[in-house]
Amino acid sequence: MIKNIFALILISASFNVHSQKGITSFKNNLKTSSSYLKDVIPVVNKETGDIAFFVADAKNIYGYKIDTNFKVIDSIISEEKSRKYKVLIGSSASKNNSYRVFLTNKKQNKFSSMQFSFKDGTTSLKEFSLGEKEVFIQTVASKNQFYLISGSKFRNQLYIYSFDEDGNPKRHYVNTSNLRFIHPIPTRPVHGPTN
């Protein structure tokens, strides 16, 4: 019986593997270091329909712009990536043919953004940090914009950071005073029968 179940799982898995179709592939020609690739993040510019892929290793971020036929039409490499920012957390796209990739360190208490301008062939790094006693919660992307959500247990507040075209963060306070938080019901100790 176990052999039959294992065979059924193996057959099902092979159908899933063979049913997927590759859209595009390309060689990371910009990579010259021997460090391993860590992250890949695709970005679709919702307004222009352009697609960009960003590939990160320990030293650099490599950017590739893809056309509608899924061919590489432009590429760029970061020149200033700091080694302390190793985790890709999101991206944004602008109308002027530039993209911004957001990164954080392992502790998620320091952040940076790397702008890739395919139009100018340049990259630039901007660092930022959260307010005092704030913690990183999550990121959201909507309409080509990147938002970072943070909170402060100390102040019982929630914040959303937005970013301008130059990557400067702006903190917005989310009023949570009218929200009702559900607290878990404390458990009562179980007592045995009394005489």
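The values are calculated or read from the model by the stated rules, or taken from the named source; none is laboratory data. Note that the structure is a prediction, hence the values are computed from the model and not measured. Cβ coordinates were reconstructed from backbone atoms using ideal geometry, including for glycine residues, and neighbour counts include every protein chain displayed.
Quick notes
- The residues listed here are Ile137, Ile61, Ile160, Ile73; of these, the one that is in contact with a Gly (Cβ under 8 Å, 6 or more places away or on another chain) and hydrophobic (A, V, I, L, M, F, W, C) is Ile137.
- Boolean, Phe136 is modelled with pLDDT of 90 or more, of a type outside the set (A, V, I, L, M) and touching a Pro at 6+ places or on another chain (Cβ under 6 Å): no
- Pairs with Cβ under 7 Å, 6+ apart, first in the stretch 59-77 and closer than 18 Å to Ser113 by Cβ and in contact (Cβ under 8 Å) with a residue 24 or more places away in the chain, second outside any strand (DSSP E or B) and among the basic types (Lys, Arg): Lys59/Lys81; Asn60/Lys81; Ile61/Lys81; Tyr62/Lys31
- Take the conditions (1) farther than 21 Å from Ser142 by Cβ; (2) at pLDDT 90 or above; Lys107 misses just one of them, which is (2).
- Answer residue from the stretch 38-52, given it is under 12 Å from Ser92 (Cα atoms) and free of Cβ contacts under 8 Å to residues at least 40 places away in the same chain and is surrounded by the most Cβ atoms within 10 Å (Cβ to Cβ) among those: Ile51
- Residue count for the stretch 79-97, restricted to those that are small (Gly, Ala, Ser), farther than 20 Å from Ala58 by Cβ and modelled with pLDDT under 90: 1
Let's see how each residue does on (1) exposed (fewer than 15 other Cβ atoms within 10 Å of the Cβ); (2) in contact (Cβ under 8 Å) with a residue 12 or more places away in the chain:
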| site | (1), (2) |
| --- | --- |
| Glu127 | yes, yes |
| Glu132 | yes, no |
| Gly151 | no, yes |
| Asp166 | yes, yes |
| Val174 | yes, yes |
| Asn178 | yes, no |
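- Subset of the stretch 139-161 [polar (S, T, N, Q), modelled with pLDDT of 90 or more and over 22 Å from Asp50 (Cβ atoms)]: Ser150
- Per-region count, the stretch 91-125, residues under 13 Å from Ala52 (Cα atoms) and surrounded by 19 or more Cβ atoms within 10 Å (Cβ to Cβ): 10
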